[in-house]
1. For the range 30-37, check the following and say yes or no: at least one residue is touching a helix residue (DSSP H, G or I) at 6+ places or on another chain (Cβ under 9 Å) and assigned to a strand (DSSP E or B).
2. I'm trying to understand the selection: among the residues of the range 258-277, which are over 28 Å from residue 309 (Cβ atoms) and either of a type in the set (Phe, Trp, Tyr) or out of contact with any helix residue (DSSP H, G or I) (no Cβ under 9 Å at 6 or more places or on another chain) (or both)?
3. Given (1) in the same structural domain as residue 226 (by TED's automatic domain parsing); (2) over 30 Å from residue 251 (Cβ atoms), where does residue 93 come up short, assuming only one miss?
4. Quick check on my filter: what residues within the range 258-282 are of a type in the set (D, E, K, R) and part of a loop (DSSP other than H, G, I, E, B)?
5. Which condition number does residue 181 fail, the rest of (1) in contact (Cβ under 8 Å) with a residue 24 or more places away in the chain; (2) buried (at least 17 other Cβ atoms within 10 Å of the Cβ); (3) out of contact with any Leu (no Cβ under 6 Å at 6 or more places or on another chain); (4) not polar (S, T, N, Q) being met?
6. Within the range 265-287, take every residue that is modelled with pLDDT under 95 and of a type in the set (S, T, N, Q) and give me the one that is nearest to residue 231 (Cα to Cα).
7. Being among the basic types (Lys, Arg), without any contact (Cβ under 8 Å) to a residue 60 or more places away in the chain and surrounded by 15 or more Cβ atoms within 10 Å (Cβ to Cβ) is the filter here, so list the residues in the range 286-317 that pass it.
Amino acid sequence: MKKYNALDKGPKVVAIGGGTGLSVLLRGLKEYTSNITAIVTVADDGGGSGILREDLGMLPPGDIRSCILALANTEPTMEKLLQFRFKDGRLKGQNFGNLLIAAMNEIYGSFELAIKEISNILAVTGKVLPMTLENVTLYAVLENGQIVKGESNIPLKNKELGSKIDHIYMEPKISLPLDEALEAIEEADLIVLGPGSLYTSVIPNLLVNNMVEKIYSSPAPKVYITNIMTQPGETDGYTVLDHVEAILKHSREHFLDYVIANIEKIPDSTLKKYIHDGSEPVILEDREEEILNKKGIKLIKEKLVDVKKNYIRHNSLKLSEILTNLAIQN
């Protein structure tokens, strides 16, 4: 399939999620369409983002920064600068790109405006929007009844307690999406969820008020991309169907039209490190395709593994081609 040139904007794709998964997808997607709106979680509270959130009372910039960089058309030196992490002194662990967003937030007095201005500076393809401008906190209710507070604590505490996540919720209960995000969903040719951490990157976006109904009522096909590997403390032992069931539990019936799952075998040499860390491939079990079909969900099976520097990622170009084809066909 031919990629779109600068004059042909391509289909309108709304990509929803956060973390590494979404930024990997966006890097591929911008090769096929320039009409992208990324709606990104702002529930994270760990690392450098968490420190800025606590110190300055701003929304966490980390996932937003990754998505801006993925869609940016910048020189390699500029990308290195924005990805640079201080190794010593009081700024140890802080990322320069996060500090830039923090500075712009102070200058413009608005997180939303800060993101827009940085996107202009970096010649971003499409738009990057936070899921809400509310200062939200994520909570997980485990199957044993215990409640874990905070996005960064959820996988750690869950692993420690050895109890699976039953569901997640956010405080405050009222958190509104941006009007711009709602407009993009209404006008979309395709709405994509994931890939990314199921409970801490993807599902939080669905907890924002009106988001589920807005996505559901959009005429665009809704696609969920399952992860290639399970995440320790979040999705231990999860199959493709388990991921889908979690999405439906936090949304509604008939919410998804397609699920994309990887069926490519991962090289043993790469797998060893992940298994040592408690992560394993997300398996598509027998009969899961049949169960998904009964739910009205079409399963797309493809070889999607891309290994770079021993890290397992989705092949973003192959994934983006599948998504663009879906957007055009429907």
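1. Yes, because at least one residue in the range 30-37 is touching a helix residue (DSSP H, G or I) at 6+ places or on another chain (Cβ under 9 Å) and assigned to a strand (DSSP E or B).
2. The answer is 258, and nothing else.
3. (1) is the only condition that residue 93 fails.
4. Filtering the range 258-282 for residues of a type in the set (D, E, K, R) gives 264-265, 268, 272-273, 277, 280.
Matches in the range 258-282: 264, 265, 277, 280.
5. (3)
6. By that ranking, first place goes to 270.
7. Within the range 286-317, 295, 298 meet the criteria.
Residue-by-condition table, conditions (1) assigned by TED's automatic domain parsing to the domain that holds residue 237; (2) in a strand (DSSP E or B); (3) surrounded by fewer than 18 Cβ atoms within 10 Å (Cβ to Cβ):
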residue	(1), (2), (3)
145	no, no, yes
148	no, yes, no
159	no, no, yes
191	yes, yes, no
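The values are calculated or read from the model by the stated rules, or taken from the named source; none is laboratory data. Everything numeric in this text was worked out from a predicted model, so none of it was measured. In this analysis, Cβ positions are derived from the backbone assuming ideal geometry, glycine residues included, and neighbour counts consider all displayed protein chains.
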